[in-house]
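Here's the structure we're looking at; comments come further down.
The values are calculated or read from the model by the stated rules, or taken from the named source; none is laboratory data. Here the structure is a predicted model, which means the values were calculated and not measured. For neighbour counting, all protein chains shown are included, and Cβ atoms are generated from backbone atoms with ideal geometry for every residue, glycine included.
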Amino acid sequence: MRCVPFFFVIVACAAPPATSIIIERQSPDAAVVDAGVDAGPEQYEVALFDRARISSQGSAPNFHKVRVTVPALDGGSFSNVTLVTQLDTTCFPFTSWATNRPPAGHNWPADCDAFDRNYEWKLIDPALDGGAPAIELLRAITPFGGPLEVPVDVTDVFNATTGPRVIEVNIPTYSDGAGIVSGSNGGWFVTGKLVVTKGAPPRKVLAVTPLLYRSLGTADRTQSLPFTTPAGATHVTVEYRATGHGGPTNNDMGCFGPADEFCTRRHTWRGDGMQLDSKTLLRTNCAQLCTVTAFASSAGGTIMACAENPCGAVSSVRANRANWCPGSVTPPLVFTAASWANAGPHTFDVDIDRIATGGSWVVSATAFVYGD
């Protein structure tokens, strides 16, 4: 994933706004999140992070992740809970380089991470921390060095949650000590809050159960995930998120680039042994996140880059990838099986047809149980 060094660039056009994406929950009767509704008497906010720094240095605080404990939400039941997230970096806008200069011999400000990275928000039960999968709330990929704003509807999760929870944000950010392809001490800033509206829940949620949340490789690409449906259920859905990454690959493994992110991989899903669907997870619309913009060079002439991914090479931003695009959310695929509504034990099975040695797919699965 090659980046464009901007150490000699002066912005010649207005800085583009942060990418803004609205996520629609894909469970029954879900509505698009409206993060702009004025706060009424039954609405309040819970601050989570205010430009918390996620670091690439192992000895620094918040290496690759930042956490906060959220107390039980006031109100008991909620008509809407929205997680509002903001991501920022010192790479952009480029005008900030006037006071945050790259060190001598470097191409980037030291604290700039110019690459695209996994960007994940998860909810953890502190009583089970380390003993059960987290519930994934958001799967996205950072832009190449740019900002990103994402509101997410998490109403069903919090209507099924009691007691305090930990929210963790993960970005596996790395540095280039020489400062050539990225900053020598790169990182990201994360801001987030919950906007809570008390009232009658839009759906009766009996349980939200995390089934899986980890990286799968060649040895464990097939998973059988058990869960139990409580009495009173009328339907059950499973949210599935997956993105491919990592490792060297070969063209005979169905790849068109130097990592598993450029490989075609067929995923097959079964519920209680019955096939639900089978498809290749490949994003072919990444070019939509590259509005080519001219940036003037102090050496004369112009450099063309993507407004939404300002630090990335145009060809890299536009490339097809394994179910993700730089600067974009990977929404969940949602599955249901009629048999899951019956009280008792069930399974959700996942099979990824092949993963190259050294490659991986980050996968999460969460069961939502609904009643009348």
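In the set PHE144, PHE92, only one residue is touching a Cys at 6+ places or on another chain (Cβ under 8 Å), within 23 Å of ASP50 (Cβ to Cβ) and assigned to a loop (DSSP other than H, G, I, E, B); that residue is PHE92. Scanning the range 116-141 for residues that are more than 15 Å from the chain's Cα centre (by Cα) and outside any helix (DSSP H, G or I) turns up ILE124, ASP125, ASP129, GLY130, GLY131, ALA132, PRO133. For residues that are in a loop (DSSP other than H, G, I, E, B) and small (Gly, Ala, Ser), scanning just the range 324-343, find the one that is nearest to TRP121 (Cα to Cα). Restricting to residues being in a loop (DSSP other than H, G, I, E, B) and small (Gly, Ala, Ser), the top hit is GLY327.
Regarding THR330, is this residue closer than 30 Å to THR237 by Cβ and within 20 Å of the chain's Cα centre (by Cα)?
On the way: closer than 30 Å to THR237 by Cβ: yes; within 20 Å of the chain's Cα centre (by Cα): yes.
The answer is yes for THR330.
Rundown of residues vs (1) outside any loop (DSSP other than H, G, I, E, B); (2) in the same structural domain as CYS255 (by TED's automatic domain parsing), yes/no style:
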| position | (1), (2) |
| --- | --- |
| MET304 | yes, no |
| ASN309 | no, no |
| SER315 | yes, no |
| PRO345 | yes, yes |
| PHE348 | yes, yes |
| ILE355 | no, yes |
| VAL362 | yes, yes |
| VAL369 | yes, yes |
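Quick one: in the range 135-150, which of the residues that are within 21 Å of VAL363 (Cα to Cα) and out of contact with any Asp or Glu (no Cβ under 7 Å at 6 or more places or on another chain) is surrounded by the fewest Cβ atoms within 10 Å (Cβ to Cβ)? That would be LEU137. Might you let me know whether the range 308-323 holds any residue that is closer than 20 Å to LEU138 by Cα, crowded, with 19+ Cβ neighbours inside 10 Å and of a type in the set (A, V, I, L, M, F, W, C)? Looking through the range 308-323, at least one residue is closer than 20 Å to LEU138 by Cα, crowded, with 19+ Cβ neighbours inside 10 Å and of a type in the set (A, V, I, L, M, F, W, C).
Residue under question is THR89, and the condition is that it be buried (at least 22 other Cβ atoms within 10 Å of the Cβ) and not assigned by TED's automatic domain parsing to the domain that holds LEU211; does it hold?
Numbers: buried (at least 22 other Cβ atoms within 10 Å of the Cβ): yes; not assigned by TED's automatic domain parsing to the domain that holds LEU211: yes.
When the stated conditions are applied, THR89 passes them.
ASP156 - would you say it is surrounded by fewer than 20 Cβ atoms within 10 Å (Cβ to Cβ) and in contact (Cβ under 8 Å) with a residue 12 or more places away in the chain? No, not satisfied.
Out of the residues in the range 170-191 meeting the condition of being among the hydrophobic types (A, V, I, L, M, F, W, C) and in a loop (DSSP other than H, G, I, E, B), tell me which one is nearest to GLY312 (Cα to Cα).
This residue is VAL181.
Based on this model, can you work out whether GLY163 counts as surrounded by fewer than 20 Cβ atoms within 10 Å (Cβ to Cβ), touching a helix residue (DSSP H, G or I) at 6+ places or on another chain (Cβ under 9 Å), at pLDDT below 95 and not basic (Lys, Arg)? Spell out the reasoning first.
Details: surrounded by fewer than 20 Cβ atoms within 10 Å (Cβ to Cβ): yes; touching a helix residue (DSSP H, G or I) at 6+ places or on another chain (Cβ under 9 Å): yes; at pLDDT below 95: yes; not basic (Lys, Arg): yes.
Considered against the rule, which asks whether it is surrounded by fewer than 20 Cβ atoms within 10 Å (Cβ to Cβ), touching a helix residue (DSSP H, G or I) at 6+ places or on another chain (Cβ under 9 Å), at pLDDT below 95 and not basic (Lys, Arg), GLY163 comes out as yes.
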